[in-house]
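The values are calculated or read from the model by the stated rules, or taken from the named source; none is laboratory data. Just so it is clear, the model here is predicted, and its values are computed rather than measured. Please note: Cβ atoms are built from the backbone with ideal geometry, for glycine as well, and neighbour counts cover all protein chains shown.
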Amino acid sequence: MTDDHQPGIATDARHLMRSAAISSLATVMREANGAPYVSLAAVATDHDGAPILLLSDLADHTKNLKVDDRISLLLTGRSAHEDPLAGERLSVMGQLARSDAPGLRQRYLARHPRAAGYAKFGDFGFYRMTVDRAHLVAGFGRIHWIESESLLIKPSERLMAAEADIVAHMNDDHADAVQLYATRLLGRDHGDWRMTGVDGEGADLRLRDQVARLPFGCQIEDSTDVRKELVRLVNKARDA
């Protein structure tokens, strides 16, 4: 049974998915009678919300994928709960395939800059997930199955083309605004926060090993809309 028709369920799940930097990656073991095998993997998301991973051909999970491409990702957001089981988590199920699309490389390495060294090796490759469905646990009474057509969004090609310029402009000319987003709107510690990506629903921020997600108040289609929304958010931050 799915209940992704409830208002905000898919949006909450997608926000959690975009907020996570680390995932538990479950593959089907090519040996041991297909037993589940779980490993740790850094994750980013494409413009539509689909997970992106950087994997080595030498890793067992990648060897498993060559036999059976089905996977499950467990993603958890930044939670203030003392009990981890009281926090939100999302299990995403689907298939994982290698892709040489340049946009995947750009978005992943912007979110995980330390991975740039690994990406140069020939045995590493970028993988994009084809999502089938997801299971969200978001607190008492908020447990939902979500199908892929609700979990993912239709990306804007205009925004995808403008992303690099928007991010560079914000970091070079409006670094003070990026700090306000992180500290006043998201409650993060002060530091040299940088914008690493922007999509139709929000912007990704990073401070050393910390990541943060800045949600937009509406769906964005192009750079003009992004500018208006970022101005609105910085004014909100200044008033906070």
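Things to note:
- Any hit, the range 156-174, residues being of a type in the set (Val, Ile, Thr) and crowded, with 21+ Cβ neighbours inside 10 Å: no
- Test result for Ala182, within 22 Å of Arg107 (Cβ to Cβ) and modelled with pLDDT of 95 or more: yes
- Residue in the range 202-223 that is of a type outside the set (A, V, I, L, M), assigned to a helix (DSSP H, G or I) and modelled with pLDDT under 95 present: yes
- The listed residue being modelled with pLDDT of 95 or more and under 19 Å from Gly197 (Cα atoms), out of Leu109, Leu90, Leu73: Leu109
- Close pairs from the range 86-105: first closer than 13 Å to Thr27 by Cα, partner assigned to a helix (DSSP H, G or I), Cβ under 8 Å, at least 6 apart: Val92/Met17; Val92/Leu151; Gly94/Ser148; Leu96/Leu65
- Residue list for the range 186-200, filter: outside any strand (DSSP E or B), surrounded by fewer than 20 Cβ atoms within 10 Å (Cβ to Cβ) and in contact (Cβ under 8 Å) with a residue 12 or more places away in the chain: Leu186, Arg188, Asp189, Gly191, Asp192
- Tyr127 falls short on exactly one of the conditions (1) closer than 18 Å to Leu73 by Cα; (2) hydroxyl-bearing (Ser, Thr, Tyr); (3) more than 18 Å from the chain's Cα centre (by Cα), and that condition is (3).
Here is a yes/no grid of residues against (1) out of contact with any helix residue (DSSP H, G or I) (no Cβ under 8 Å at 6 or more places or on another chain); (2) at negative phi; (3) of a type in the set (A, V, I, L, M, F, W, C); (4) touching a residue at least 24 places away in the same chain (Cβ under 8 Å):
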position: Asp173; (1), (2), (3), (4): yes, yes, no, no
position: Leu207; (1), (2), (3), (4): no, yes, yes, yes
position: Gln210; (1), (2), (3), (4): yes, yes, no, no
position: Lys228; (1), (2), (3), (4): yes, yes, no, no
position: Lys236; (1), (2), (3), (4): no, yes, no, yes
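Residue-wise test of (1) in the same structural domain as Pro215 (by TED's automatic domain parsing); (2) more than 25 Å from Thr11 (Cα to Cα); (3) basic (Lys, Arg); (4) outside any loop (DSSP other than H, G, I, E, B).
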residue	(1), (2), (3), (4)
Gly141	no, no, no, no
Ile146	no, no, no, yes
Asp165	yes, yes, no, yes
Ala168	yes, yes, no, yes
Asp172	yes, yes, no, yes
Val178	yes, no, no, yes
Ala182	yes, no, no, yes
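- Test: residue in the range 150-161 that is more than 23 Å from Ile52 (Cβ to Cβ) and touching a residue at least 60 places away in the same chain (Cβ under 8 Å): no
- Answer residue from the range 1-38, given it is part of a helix (DSSP H, G or I) and over 10 Å from the mean Cα position of the chain (by Cα) and is modelled with the lowest pLDDT among those: Ala32
- Tyr108 of a type in the set (Phe, Trp, Tyr) and touching a residue at least 40 places away in the same chain (Cβ under 8 Å): yes
- His81 being at pLDDT below 95 and touching a Gly at 6+ places or on another chain (Cβ under 6 Å): yes
- Pick from the range 91-124, criterion within 14 Å of the chain's Cα centre (by Cα) and within 16 Å of Ala10 (Cα to Cα), ranking: surrounded by the most Cβ atoms within 10 Å (Cβ to Cβ): Val92
- The strands (runs of 3 or more DSSP E) found entirely in the range 62-138 that carry 2 or more residues being charged (D, E, K, R) are 89-98, 124-137.
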